[in-house]
Amino acid sequence: MKTTAVLKTIMGTLREELVVAANGRVSREAFTLKDRPQNFYMIGSMGLASSIALGLALARPQRKVVILDGDGNVLMNLGGLPQIGELLPPNLVHIVIDNETYGSTGSQATISRKIPLEKIAQASGYPVVEKVTEEKDFKLTLERCLEKEGPSFLLVKVEAEEGPEGLPRVNHSPVVIRDRFMEAIRRS
Amino acid sequence: MKAEEFLDLLAAAGYNFFTGVPCSIIGDLILLLEKDPRIPYVPAVREDVAVGLAAGAYLGGKTPCVLMQNSGLGQCLNALTSLNLIYKIPSLLIVTWRGYKDKDAPEHLVMGKACTKLMDCIGLPYRELSTKNVAKSIEWSREMTSQRQIPVALFLPRGVLE
């Protein structure tokens, strides 16, 4: 599976969900495929997408919050998983796009090539844990994770590819990302 | 000041989402928070996770407060500089001041000297709490966070809270 195809399916499936997108390729792909005010592009603070999303999900229990995460991000803040598993916010969907590399810095290996992140999620208390390796299974599994009472964890194994140099960077300033995101929350 | 009184001042100032990592200086305060039905408290696994949780809560409309020991401040530098300060996401950081005036266990002495300078380095406003200025400082933190939309720190040495 290719990262772009996976994110295309995700961005095409989402409706009003709030998205917290991890720094690096994930944010740049989401921005390029479907820029929307409900996307919070985290351009720094690597590792913290899951923590930001958890704080948001607790503050807004009526809104579905989707984390678009990467393996490097998850590994940098593994404590973030039991942090979610202990609180069990039903409105949280944690999608991890796992290419087993630090894609933005030249595809150096991460340890997820040997370490099964879905088992860590399971042990961390997520009631719904799915792992997808085939593109044909992805859309249905994604829809299931979005519909079920969460928190759900969806690990998507993708191919390691060339770095994201060709992808545009998020061209909104951080303050603009914040303002339109908060406005989208207020309006709903 | 009693921990109850301190918490009441924070709640009255509008802080309504608490998270953090304990320190003995604020041990009683956190025990109170755990029991308080008015205000949610999320025990965080690490200080930068607490800063991230608070940032998310702010985006969702809350007024967050993060509790930590100054030993956790270094852990937070990337979150503060590449999240809060650039997106303008405020938080009140209540940072206990171990190693205050060079009197403490060895592991606290270096950070005890450096912690306020670290705040100067990254441009984060702070005040030192004393028995006399708690209410005023909490008021100041609300003004600063709403005007400048960045985090501010209140450093809390031992002895201010009973």
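Might you let me know whether segment A:27-45 holds any residue that is under 21 Å from B:Ala50 (Cα atoms), within 14 Å of chain B (Cβ to nearest Cβ), surrounded by fewer than 21 Cβ atoms within 10 Å (Cβ to Cβ) and of a type outside the set (Gly, Ala, Ser)? Checked segment A:27-45: no residue is under 21 Å from B:Ala50 (Cα atoms), within 14 Å of chain B (Cβ to nearest Cβ), surrounded by fewer than 21 Cβ atoms within 10 Å (Cβ to Cβ) and of a type outside the set (Gly, Ala, Ser). Within segment A:120-166, the set of residues being surrounded by 16 or more Cβ atoms within 10 Å (Cβ to Cβ) and either among the hydroxyl-bearing types (Ser, Thr, Tyr) or in contact with a Lys or Arg (Cβ under 6 Å, 6 or more places away or on another chain) (or both) comprises A:Ser124, A:Tyr126, A:Val128, A:Thr141, A:Ser152, A:Leu155, A:Pro164. In segment A:1-106, counting only strands (runs of 3 or more DSSP E) that sit wholly within it, the ones holding 1 or more residues that are among the polar types (S, T, N, Q) span A:39-41. Here B:Pro37 fulfils each of the conditions (1) in contact with a helix residue (DSSP H, G or I) (Cβ under 9 Å, 6 or more places away or on another chain); (2) more than 8 Å from every other protein chain (Cβ to nearest Cβ); (3) more than 23 Å from B:Arg158 (Cα to Cα) apart from (1). Of the residues making up segment A:21-43, those that are farther than 17 Å from A:Asp179 by Cα and touching a helix residue (DSSP H, G or I) at 6+ places or on another chain (Cβ under 8 Å) are A:Ala22, A:Asn23, A:Gly24, A:Arg25, A:Val26, A:Arg28, A:Glu29, A:Ala30, A:Leu33, A:Lys34.
All of B:Leu31, B:Leu85, B:Leu59 fail the test of being closer than 25 Å to A:Glu86 by Cα, over 15 Å from the mean Cα position of the chain (by Cα) and within 14 Å of chain A (Cβ to nearest Cβ), apart from B:Leu59.
Can you pull out every residue in segment B:37-47 that is among the hydrophobic types (A, V, I, L, M, F, W, C) and in a loop (DSSP other than H, G, I, E, B)? Listed by number, the residues that qualify are B:Ile39, B:Ala44, B:Val45.
As a summary of the residue check, B:Asn78 satisfies the conditions (1) part of a helix (DSSP H, G or I); (2) in contact (Cβ under 8 Å) with a residue 12 or more places away in the chain; (3) more than 7 Å from every other protein chain (Cβ to nearest Cβ); (4) surrounded by fewer than 19 Cβ atoms within 10 Å (Cβ to Cβ) except for the one numbered (3).
Take segment B:117-157 and flag every residue that is basic (Lys, Arg) and either in a helix (DSSP H, G or I) or surrounded by 14 or more Cβ atoms within 10 Å (Cβ to Cβ) (or both). The answer is B:Lys117, B:Arg127, B:Lys136, B:Arg142, B:Arg148. The number of residues in segment B:8-20 being surrounded by fewer than 21 Cβ atoms within 10 Å (Cβ to Cβ) and touching a residue at least 24 places away in the same chain (Cβ under 8 Å) comes to 5. Any residue that is touching a Ser or Thr at 6+ places or on another chain (Cβ under 9 Å), crowded, with 24+ Cβ neighbours inside 10 Å and part of a loop (DSSP other than H, G, I, E, B) - is there at least one of those in segment B:48-59? No, there is no match, as no residue in segment B:48-59 is touching a Ser or Thr at 6+ places or on another chain (Cβ under 9 Å), crowded, with 24+ Cβ neighbours inside 10 Å and part of a loop (DSSP other than H, G, I, E, B).
Checked against the criterion of being at pLDDT 95 or above and closer than 24 Å to A:Ile43 by Cα, the candidates B:Gln69, B:Gln75 yield just one match: B:Gln75.
Of all residues assigned to segment A:148-157, none qualifies as being hydrophobic (A, V, I, L, M, F, W, C) and farther than 12 Å from A:Val96 by Cβ. If you go through segment B:60-75 and keep only what is of a type outside the set (Gly, Ala, Ser) and either assigned to a strand (DSSP E or B) or in contact (Cβ under 8 Å) with a residue 40 or more places away in the chain (or both), you end up with B:Lys62, B:Thr63, B:Pro64, B:Cys65, B:Val66, B:Leu67, B:Met68, B:Gln69, B:Asn70, B:Leu73.
Taking every residue in segment A:169-188 that is over 21 Å from A:Arg60 (Cα atoms) and pairing it with any residue that is among the β-branched types (Val, Ile, Thr), at least 6 positions away or on another chain, the pairs with Cβ-Cβ distances below 7 Å are A:Val170/A:Ile43; A:Pro174/A:Ile43; A:Pro174/B:Ile86. Is it the case that B:Asn133 is within 14 Å of chain A (Cβ to nearest Cβ) and of a type in the set (S, T, N, Q)? Answer is no for this residue. Scanning segment A:53-67 finds no residues that are within 14 Å of A:Pro164 (Cβ to Cβ) and either acidic (Asp, Glu) or in contact with a Pro (Cβ under 9 Å, 6 or more places away or on another chain) (or both).
The values are calculated or read from the model by the stated rules, or taken from the named source; none is laboratory data. These numbers were taken from a predicted model, which means no experiment stands behind them. Neighbour counts run over all protein chains shown; Cβ positions are idealised from the backbone, glycine included.
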